[in-house]
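Remarks on the structure that follows.
Readers should treat all values here as calculations from the given coordinates under stated rules, not as data from a laboratory. Here the structure is a predicted model, which is why all the values come from computation and not from measurement. Neighbour counts run over all protein chains shown; Cβ positions are idealised from the backbone, glycine included.
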Amino acid sequence: EVQLAESGGGSVQAGGSLRLSCTVSGYIGSPNSMGWFRQTPGKGREVIASIYTGGGTAYADSVKGRFTISQDNAEKTAYLQMNNLKPEDTAMYHCAADVARAYGLPPWYEYKYWGRGTQVTVSS
């Protein structure tokens, strides 16, 4: 059984930074492309970053220039560095794994697996 576990969330002031981590356990194929999506009552689920084998990345316009996604060489861990956080970034952040496409920003349901999430709260 594949499981994803996020960590690193918390409460920060606007302009602050957080680094989220996601680890994959269980068998998962290779290559394993990973991503991050966030969920809020107003916007639902929004994929904000994806990374592909070879280091290619894609970002939602809402986070472009502020967030950076990365992945370890074994493709078992993903990170999301979040800088210059804004109150509108407040959401539950989920990592996701194993998507067929190799470019662009997929919808959340194209990933085969996702974690339970870690809460990020940004105050003004």
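Tell me, which residue of region 1-25 that is touching a residue at least 40 places away in the same chain (Cβ under 8 Å) and assigned to a loop (DSSP other than H, G, I, E, B) is nearest to Met92 (Cα to Cα)? This residue is Gly9.
So which residues in region 61-98 are among the hydrophobic types (A, V, I, L, M, F, W, C), farther than 22 Å from Ser123 by Cβ and surrounded by fewer than 21 Cβ atoms within 10 Å (Cβ to Cβ)?
Passing the criteria: only Ala74.
All conditions in (1) touching a Ser or Thr at 6+ places or on another chain (Cβ under 6 Å); (2) farther than 22 Å from Gly15 by Cβ hold for Arg45, with the sole exception of (1). State whether the residues of region 13-35 include one that is surrounded by fewer than 16 Cβ atoms within 10 Å (Cβ to Cβ), farther than 18 Å from Tyr103 by Cα and in contact with a Pro (Cβ under 8 Å, 6 or more places away or on another chain). Taking every residue of region 13-35 in turn, at least one turns out to be surrounded by fewer than 16 Cβ atoms within 10 Å (Cβ to Cβ), farther than 18 Å from Tyr103 by Cα and in contact with a Pro (Cβ under 8 Å, 6 or more places away or on another chain). Sub-6 Å Cβ pairs linking a first residue in region 26-40 that is over 12 Å from Cys95 (Cβ atoms) to a second residue that is part of a loop (DSSP other than H, G, I, E, B) and of a type outside the set (Asp, Glu), at least 6 apart or interchain, are Gly26/Val2; Ile28/Val2; Pro31/Thr53, ordered by first then second residue. Going by the conditions given, is Ser50 within 18 Å of Thr77 (Cβ to Cβ), surrounded by 13 or more Cβ atoms within 10 Å (Cβ to Cβ) and of a type in the set (S, T, N, Q)? So Ser50 fits the description; yes.
Of all residues in region 19-35, count the ones that are over 15 Å from Lys112 (Cβ atoms) and out of contact with any Gly (no Cβ under 6 Å at 6 or more places or on another chain).
Here the count works out to 1.
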